[in-house]
Amino acid sequence: MTIKPLSLLIAGCLLGSPAMAADVKDELFINKFEQANYSQIGAAQCRECHKDAMQGFLSSIHGNKTLAGSPAAGIECEACHGPLGQHADEPQANPMLRPGPMTQANASAKLQNQLCLRCHGDQFPLETTPCAACHTGLHTDNAIPDTQKQTLACLECHPQLQKQVRMKFTHGLVDDHGNNIQQGCSTYCHAAHGSKWEPAYQTPALNAPCFECHIDKQGPFKTEHTGFKGNCSHCHDPHGTEDEHLLRPNIGEICAQCHGEQAVLEQATSAQVHGHN
């Protein structure tokens, strides 16, 4: 497998990039890729110093030599970490690219993700978030995070939801004790790699994830609730609330937009709110 120079792919990495960690070395790595000074013996040289990482890598999908297009089937470690160059002789002065969250990485999110996209080109990662911030087990078969790690990764960047997903009534994101994650944010609703539809929905049909379970609310009905407007989250907050029906705290104000000061919610039935035949 021939790795092409990245200069054309990442020309924008050094200009107009978002805020980055203090030790980001994009210019160094871009120069290394352009020079293409790869090791003559591949991973065998890496193994001399990185035995633990190599053990996990060789037993993973990325390290499967029989899998066409995998890093191991080509230039091995250097496919993701960049050309060896003078790293073996002077590792401190000539570092290898270290993927990961920006608190640990030495390359920008944009540069990291350009490397991933050379094989995973069907994905659309966020420019400000490295793939490896969520896909932490790159040297193992756990590169795709399990449900618990997936949601915890989401909460790292969306801390405002930390308390909400542990409220009295949640949408199954956590267990009754507010501890164990039971389903991932992107299992049904959100697209972790970005989306054309706010707020990062998997589909432009806003209620499609809801109707996976609540098929009886889908309709169409002879008598529709005009205020509903086809958006479940207009009244419900799927991340969690203090109401057993996941109604938003300001649900009274929402109803009052059409019904004025009438106390309609206390007498309304589910069929009246969601529509009926």
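Among the residues that make up segment 217-231, is at least one of them touching a Leu at 6+ places or on another chain (Cβ under 9 Å), surrounded by 11 or more Cβ atoms within 10 Å (Cβ to Cβ), closer than 21 Å to Arg166 by Cβ and of a type in the set (S, T, N, Q)?
no
Can you name the residue in segment 131-157 that is modelled with pLDDT under 75 and outside any helix (DSSP H, G or I) and, of all such residues, is most open to solvent (accessible area, probe 1.4 Å)?
Ile144
Inside segment 96-116, can you point out the residues that are among the aliphatic types (A, V, I, L, M) and modelled with pLDDT under 90? Reasoning before the result, please.
So the first thing to find is which residues in segment 96-116 are among the aliphatic types (A, V, I, L, M), and the list is 96-97, 102, 105, 107, 109, 111, 115.
Met102 - this is the single residue of segment 96-116 that is among the aliphatic types (A, V, I, L, M) and modelled with pLDDT under 90.
With the requirement that a residue be touching a residue at least 60 places away in the same chain (Cβ under 8 Å), in contact with a helix residue (DSSP H, G or I) (Cβ under 6 Å, 6 or more places away or on another chain) and closer than 17 Å to Phe211 by Cα, what does segment 230-277 give you?
If the condition is that a residue be touching a residue at least 60 places away in the same chain (Cβ under 8 Å), in contact with a helix residue (DSSP H, G or I) (Cβ under 6 Å, 6 or more places away or on another chain) and closer than 17 Å to Phe211 by Cα, then His239 is the only one that fits.
Return the pairs, sorted by first residue and then second, in which the second residue is surrounded by 15 or more Cβ atoms within 10 Å (Cβ to Cβ) and modelled with pLDDT of 80 or more, the first residue lies in segment 187-198 and is over 24 Å from Gln114 (Cβ atoms), the beta carbons are less than 6 Å apart, and the residues are 6+ apart or on different chains.
Pairs found: Tyr188/Pro209; Cys189/Pro209.
Counting residues that are more than 21 Å from the chain's Cα centre (by Cα) and modelled with pLDDT of 85 or more, which helices (runs of 4 or more DSSP H) fully inside segment 165-277 reach at least 1?
Details: elements: 185-188, 208-211, 251-259, 270-274.
The helices (runs of 4 or more DSSP H) meeting that bar are 208-211, 251-259, 270-274.
The values are calculated or read from the model by the stated rules, or taken from the named source; none is laboratory data. Note that the structure is a prediction, hence the values are computed from the model and not measured. As a convention, Cβ positions derive from the backbone with ideal geometry for all residues, glycine included, and neighbour counts pool all protein chains shown. What goes into the accessible areas is simple: the full protein's heavy atoms, side chains included, and nothing from ligands, DNA or RNA. Shrake-Rupley method; radii C 1.70, N 1.55, O 1.52, S 1.80 Å.
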